[in-house]
Amino acid sequence: MAMLIGIDVGGTNLRVGVVESNHARGQAKLMDEIRFQADFSVLCRQHQAAPDKAWQIILTTIADAIATVRKKHPAISAVGIGFPGFIDPHTQRIAQSPNLPGLNDVDLSRDLSALIGLPVITENDALAAAYGEYMLAGSPAGNLVYMGLGTGVGGGLILNGKPFQGQHGVAMEVGHIITEPDGRLCGCGNRGCMEQYASASGVAISYQQLTGEHCSAAEIARRAADDDSNAISAYTLAATSLAQALAHIVKVIDVTDIVLGGGMSAGWPLMQAVFQKQLDADLIPVLRGKVNVHISSMGDQAGIVGAALLAQLEI
């Protein structure tokens, strides 16, 4: 059995887990999980003029978190990191991280490995979550689409049992499928991207446009459950946009096992009926009734487990 560390890097925290695995699907076990406060998004904005300084602080913070975990679990053999950004599939260098400005063309795997003396792999956080879902509960066909509904919307694709990164490491940027031409301006520079409507921030924008009030997606979900018509409208728009994007994905890659994760997936009961109606309308007839959409049973652990198991592939 291998003992591995999986890390999920968020904008405001690090989640570090210890995973025990024997390489077999369905057999990995999350042994321990520790959260560390680390507001990397603020750090990067503060040091945009000196990105090297921000990078060194990030490396030291992650290395210190790993050292803390290794005191309790000394038999760690490798580290896998799910990182929010575009990861070059050939070099594992982080080409860009939209939520962490200034981090361009940095090598987390190499630099962190030099600090901790262990093999390190870095992968896109949504793809790591997709692999975690596949390895612990995945499709018998070997194919799976994961969509993480959080502040934005990320995606990961498993094809024939292997994570698919794309030629440049940007496969499954599903949040940037345009569902509303000339719609809301997105951080990517385009307008009408799906994540501007189907993410937690998108739902908050929809509700604010209707009411003038800013609320979290969780609060809006509570209001929708209490029959607040504006809250229901915000989640209806989210469901419609999500279904439109997924229909395009399924028509292109013909993968019909879909897992929805991330914090926004808690609002699935508010979206499911509208989502299914829109999905059926947008799919070609041969695919209708064949798409299996379900909510992650792993919660926010999929990314940690997936990152650890991806590291295992490299040792």
Going by amide H atoms built from the backbone, whose H comes under 5 Å of the H on residue 183, apart from near neighbours?
192
As a test of reading the structure, rank 97, 77 by solvent-accessible area (1.4 Å probe, protein chains only), most first.
77, 97
If each part is reduced to its alpha-carbon centroid, the range 139-213 and the range 235-256 end up apart, in Å, by 10 Å
Would you calculate the separation in nanometres between label points at residue 50 and residue 208, each defined as 7 Å from the Cα along the Cα-to-beta-carbon direction?
3.3 nm
For residue 114 and residue 266 in one chain, what is 0.36 nm times their gap in residues minus the Cα-Cα distance, to one decimal in nm?
50.8 nm
Which percent, nearest 5, of DSSP beta bridges in the chain are antiparallel?
65 percent
Determine, from the Cβ-Cβ distance of residue 141 and residue 22 and an R0 of 22 Å, the FRET efficiency 1/(1 + (r/R0)^6), rounded to the nearest 0.05.
0.45
With a 1.4 Å probe and every protein chain left in place, tell me how much accessible area residue 31 has, in Å² to the nearest 10.
80 Å²
With 10 Å bins from 0: P(r) over the range 62-152, alpha-carbon pairs, percent:
15, 38, 35, 11, 0
What is the list of residues in the range 143-160 whose amide nitrogen lies under 18 Å from a point 7 angstrom out from the Cα of residue 96, following Cα to Cβ?
152-155
If ligands, DNA and RNA are left out, what is the accessible area of residue 36 with a 1.4 Å probe, given in Å² to the nearest 10?
40 Å²
At 1.4 Å probe size, put 133, 173 in order of accessible surface, largest to smallest.
173, 133
Rounded to the nearest 10 degrees, the helix 229-253 long axis (Cα) sits at an angle to the longest Cα principal axis of the chain of 70 degrees
Pairwise Lys count, the chain - Cα closer than 17 Å, eight or more residues apart or different chains
4
Helix 302-313 sits at what angle to the longest principal axis of the chain, using alpha carbons and giving 0 to 90 degrees rounded to 10?
40 degrees
Taking Cα pairs under 8 Å and at least six residues apart, what relative contact order does the range 34-103 come out at, in percent?
36 percent
Can you give me the Kirkwood hydrodynamic radius for the range 166-205, using every pair of distinct Cα atoms, in Å to one decimal?
10.4 Å
With the crude spin-label approximation of a point 7 Å out along Cα→Cβ, what separation in nm comes out for residue 252 versus residue 41?
2.6 nm
What shape does the range 1-154 have by the C-alpha gyration tensor, where a ≥ b ≥ c are the square roots of the eigenvalues, rounded means a/c under 1.5, and otherwise prolate means a/b greater than b/c and oblate the rest?
oblate
What do you get for the angle between helix 200-211 and the principal long axis of the chain? Use alpha-carbon atoms, 0 to 90 degrees, nearest ten.
30 degrees
So for the pair residue 31, residue 190, with labels modelled 7 Å out along Cα→Cβ, what separation do we get in nm?
4.3 nm
Formal net charge of residues neighbouring residue 44 (Cβ-Cβ distance under 14 Å; K, R +1; D, E -1):
0
How large is ³J(HN,Hα), in whole Hz, for each residue of the range 180-193 in order, when computed from phi with the Karplus curve 6.51 cos²θ - 1.76 cosθ + 1.60 and θ = phi - 60°, using x for Gly and Pro?
10, x, 6, x, 5, 5, 9, x, 6, x, 8, 10, x, 5
If you average over every viewing direction, what projected area does the convex hull of the Cα atoms of the range 54-100 give, in nm²?
4.1 nm²
Over the range 243-294, relative contact order from alpha-carbon pairs under 8 Å, at least 6 apart, %:
61 percent
Using a simple charge model, +1 on the beta-carbon of Lys and Arg, -1 on the beta-carbon of Asp and Glu, nothing else, what dipole does the range 1-149 show about its Cα centre, in debye to the nearest 20?
280 debye
Compute the FRET efficiency between residue 182 and residue 233 as 1/(1 + (r/R0)^6), taking r as their Cβ-Cβ distance and R0 = 30 Å, and round to the nearest 0.05.
0.90
Using alpha-carbon pairs under 8 Å, 6+ residues apart, how would you state the relative contact order of the chain in percent?
20 percent
Summing -39500 (n - 2.57) over every DSSP H run of at least 4 in the chain, dividing by its residue total and rounding to the nearest 500, the 222 nm mean residue ellipticity is -13000 deg cm²/dmol
Using the Cα atoms of the range 135-244, I'd like the radius of gyration and the largest Cα-Cα distance, Dmax, both in angstrom.
15.8, 47
What's the percent breakdown of Cα-Cα distances in the chain across 20 Å bins, shortest bin first?
33, 57, 10
Relative frequency of Cα-Cα separations exceeding 22 Å in the range 26-105, percent
36 percent
What share of the DSSP beta bridges in the range 74-175 is antiparallel, in percent to the nearest 5?
70 percent
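The values are calculated or read from the model by the stated rules, or taken from the named source; none is laboratory data. Quantities reported herein were computed from a predicted structural model and do not represent experimental measurements. As a convention, Cβ positions derive from the backbone with ideal geometry for all residues, glycine included, and neighbour counts pool all protein chains shown. For accessibility, only protein heavy atoms count, side chains too; no ligands or nucleic acids. Shrake-Rupley method; radii C 1.70, N 1.55, O 1.52, S 1.80 Å.
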